[in-house]
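Below: one structure, written as structure tokens.
The values are calculated or read from the model by the stated rules, or taken from the named source; none is laboratory data. Keep in mind that what you see is a predicted model, and the values were worked out from it rather than measured. Cβ placement follows ideal geometry from the backbone for every residue including glycine, while neighbour counts extend to all protein chains displayed. Surface accessibility is based on the protein's heavy atoms, side chains included, excluding ligands, DNA and RNA. Shrake-Rupley method; radii C 1.70, N 1.55, O 1.52, S 1.80 Å.
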Amino acid sequence: GAVVSQHPSRVICKSGTSVKIECRSLDFQATTMFWYRQFPKQSLMLMATSNEGSKATYEQGVEKDKFLINHASLTLSTLTVTSAHPEDSSFYICSARSHGDDRDTQYFGPGTRLTVL
Amino acid sequence: AQKITQTQPGMFVQEKEAVTLDCTYDTSDQSYGLFWYKQPSSGEMIFLIYQGSYDEQNATEGRYSLNFQKARKSANLVISASQLGDSAMYFCAMREGPGFQKLVFGTGTRLLVSP
């Protein structure tokens, strides 16, 4: 159980285009999902907390107009990188919080590698 | 101030041996949770083990155990009988407070298991 999928796994796009990344909890409902960014050989940096049915909460320094988050259902959250630029190239990984246990464990998707040319 | 500190950027171990990955944390909360995740080269983050601040016994999950020393604020991961497939990055993370949802991650330790 507690499987999280992410799509696409890899995307290459031209500068100026928008890219949408989907995060799905496959076998559990997640009222809260998280979006992280990871630069090479570095740790995960939380970008935003996505709550179902409400606006996302962004971390300091993360542009909300640049990184649009939608959490329309209990199993799906999307991250849209708008007008992508080469500096947005990174590994984006989502997680979903499981309420099934008292640990509030976050289960992660396999990540999306974004390359902006 | 760094909330999660992993002082070992890299560790080497021979197959079948045990290895300890260090993690210290900083919090003033009484209620918190500590997690270890494994990240292989494929990039996915795999949940390994959890220790709650009120848990009196050290957590164990198969070959993984957590050496929890609350007074020292350390939560070291012990991997017994290392396997080649254990080679990966390992991240320690903390969730503070019962209502807090965020995880704070350490900088990670790269483990290499040799034959």
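Among the trypsin sites (Lys or Arg not before Pro) within the range B:1-44, those in coil by DSSP and having at most 12 neighbouring Cβ atoms inside 10 Å are B:K16. Counted over all Cα-Cα pairs of the protein assembly as shown, pairs farther apart than 27 Å make up 34 percent. The lysines whose alpha-carbon is closer than 25 Å to the alpha-carbon of B:K73, local same-chain residues fewer than 8 away aside, are B:K3, B:K38, B:K102.
The lysine pair tally for chain A, using Cα distances under 22 Å and a gap of 8 or more places or different chains, is 7. Here the 3J(HN,Hα) profile of the range B:34-44, calculated from phi with Karplus coefficients 6.51, -1.76 and 1.60 at θ = phi - 60°, is 10, 10, 10, 10, 10, 10, x, 4, 5, x, 5 Hz, Gly and Pro shown as x.
Note that chain B presents 49 Å² accessible area per residue, ligands and nucleic acids not counted, probe 1.4 Å. With contacts taken as Cα pairs under 8 Å and at least 6 residues apart, chain A reaches a relative contact order of 36 percent. As a length-normalised measure over Cα pairs under 8 Å and 6 or more apart, the relative contact order of chain B settles at 37 percent.
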